[in-house]
Amino acid sequence: MIRKFKAHIEDHLSFLKEKKLLIACSGGLDSIVLTHMCHLLGLDFGIAHCNFKLRKAESEADEEFVSALANKMTVPFFVTNFETEQYAKNHKLSIQMAARELRYNWFRELILEYQYDYVLTAHHKDDNLETFLINLSRGTGIEGLTGIPEINDIYVRPLLPFSRNQILEFAKKNTINWREDSSNSSTKYVRNKLRHDVIPELLAINPQFLQNFETTLDHLKQTSAFIKNQVDRVRKDVFEYSELDTIKIPIDKLEQYDEPKTYLYFLLKEYGFTAWDDILQILTAQSGKQVFSPTHRLVKNRGYLLLCPIIEDVSDRVYKIPEEENMIIIPSGMIKLKEVSELSNTDLKTIYVDKEKLKYPLIVRKWKEGDYFYPLGMKGKKKLSKYFKDEKLSLLAKERVWLLCSGNDIVWIINYRADNRFKISPKTKQLLKVTIT
């Protein structure tokens, strides 16, 4: 097996030979074999061991065993103790999920503090099958059926091509000792029940089941890659990036594809959406319909779906600018005020006003129903709601509008249009330049 392991490193993970590695070692068969093989290959590594304090004396003995191995190999050894049961209770997690969260958080801390490049874990071919069956039993998309990734961020799993039997055979042949976790024999956990009860039955039906599973996994990975390429192509076609962090999806363009609802699922799943029934209904809903994920929201606006991050509600926030101040920061940018002697080029981010017409302190606030202004270059007044409609502002764009006001009068719809009442005239003595960046 060591020859096959070395060949696998050379062919697929050669970058590990030049990196500083951290091996997650529980003391069990798999992680101990991984540690020995990395040692035989002369890789640069340290050992990290978590004591979850779940098996009392057994847990302490595991820690001593792994510490002794690190000392024998003269490699750095890191250990931590967790109050796993209390953590699980406080965070309303299962023991297994709590242990997973604790150890992965700690691994990342070690990576940063001691400047390791990767964490190696001892997941193997049988673990891949168990994960596949767990995901299948719970209901999953194709991503849940493509197995454990060999490389995922800082985590690398060099034993994935090898079975548990191959690992066991290597340990016995090389008289390698390891620790047995008594909890692994319990079938109260789903993974253990699959390992002890379900998978042996599958292997009894077909001794080649594990090899056939690996072939199926390869086919699923190819299918997943094909879908990703198709979705990327559709994304380039239908995603329109505008209005700061907003993505516009034209519904008519999306519906030109076969199975537009399927494409919508793949386009949106990376933004955390799970309420797929609501998302499918939004295609035919009236403007204003919204669906939320933990981080984003999807809004129907006329013929578009608008996708944007959820931002803090600042609708009641008001900023005051005293006359002696020349700068203020608001959520949409920095407003600067400066007296100048002459006009220069203007754009949507710059206006010039007659300072003597202003009442201080100036006010920056969100717009509200009933607001009106006198658009620069036009006669008469206009409600902001009518102005936004004429400008075809989306619901999201209207939510982000800020106003610069003098008393109750609007001086500037920031980033859009100035008010006629404060414009420069031949009688202007104090010229104030206002910009937002």
Please list, ordered by first then second residue, the pairs with beta carbon atoms under 9 Å, 6 or more apart or interchain, first in region 398-411 and in the same structural domain as Gly370 (by TED's automatic domain parsing) and among the polar types (S, T, N, Q), second part of a strand (DSSP E or B) and buried (at least 18 other Cβ atoms within 10 Å of the Cβ).
Ser406/Val353; Ser406/Leu362; Ser406/Ile363; Ser406/Asp419; Asn408/Ile363
Does Leu120 satisfy the criteria of being assigned by TED's automatic domain parsing to the domain that holds Leu34, buried (at least 20 other Cβ atoms within 10 Å of the Cβ) and touching a Leu at 6+ places or on another chain (Cβ under 8 Å)?
yes
Name the single residue that is surrounded by the most Cβ atoms within 10 Å (Cβ to Cβ) among those in region 317-346 being assigned to a strand (DSSP E or B) and free of Cβ contacts under 8 Å to residues at least 60 places away in the same chain.
Ile321
Take region 1-25 and flag every residue that is in contact (Cβ under 8 Å) with a residue 24 or more places away in the chain and of a type in the set (Lys, Arg).
Lys4, Lys6, Lys17, Lys19, Lys20
Can you find even one residue in region 137-146 that is touching a Lys or Arg at 6+ places or on another chain (Cβ under 8 Å), among the charged types (D, E, K, R) and more than 24 Å from Tyr87 (Cβ to Cβ)?
no
I need the full set of residues from region 144-199 which are part of a loop (DSSP other than H, G, I, E, B), more than 24 Å from Gln211 (Cβ to Cβ) and in contact with a strand residue (DSSP E or B) (Cβ under 8 Å, 6 or more places away or on another chain), in order please.
Ile154
Which of the residues that make up region 393-435 are among the acidic types (Asp, Glu), over 12 Å from Val353 (Cα atoms) and part of a strand (DSSP E or B)?
Asp409
Checking the condition closer than 17 Å to Ile154 by Cα and assigned to a strand (DSSP E or B), which residue from Ile9, Ile23 passes?
Ile23
Qualifying positions in region 76-133 - part of a helix (DSSP H, G or I), farther than 18 Å from Tyr189 by Cβ and among the polar types (S, T, N, Q):
Gln86, Asn90, Asn105
Do we have Leu34 as part of a helix (DSSP H, G or I) and either touching a residue at least 24 places away in the same chain (Cβ under 8 Å) or touching a Pro at 6+ places or on another chain (Cβ under 9 Å) (or both) here?
yes
Whichever residue in region 239-260 is under 22 Å from the mean Cα position of the chain (by Cα) and of a type outside the set (D, E, K, R) and, among such residues, is surrounded by the fewest Cβ atoms within 10 Å (Cβ to Cβ):
Tyr241
Being touching a Ser or Thr at 6+ places or on another chain (Cβ under 8 Å) and either aromatic (Phe, Trp, Tyr) or surrounded by fewer than 19 Cβ atoms within 10 Å (Cβ to Cβ) (or both) is true for just one of Val156, Val190. Which residue is that?
Val190
Could you grab me the full set of residues in region 53-64 that are surrounded by 17 or more Cβ atoms within 10 Å (Cβ to Cβ) and in contact with a Lys or Arg (Cβ under 8 Å, 6 or more places away or on another chain)?
Ser59, Asp62
Pick from Leu194, Leu159, Leu120, Leu102: which is under 24 Å from Asp62 (Cβ atoms) and touching a Pro at 6+ places or on another chain (Cβ under 8 Å)?
Leu120
Any idea how many residues of region 167-179 are touching a helix residue (DSSP H, G or I) at 6+ places or on another chain (Cβ under 8 Å) and surrounded by 12 or more Cβ atoms within 10 Å (Cβ to Cβ)?
8
Total residues in region 35-79, condition under 28 Å from Ile95 (Cα atoms) and in contact with a Leu (Cβ under 8 Å, 6 or more places away or on another chain)
7
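The values are calculated or read from the model by the stated rules, or taken from the named source; none is laboratory data. Just so it is clear, the model here is predicted, and its values are computed rather than measured. Reconstructed Cβ throughout: ideal geometry from the backbone, glycine too, with neighbour counts over all protein chains shown.
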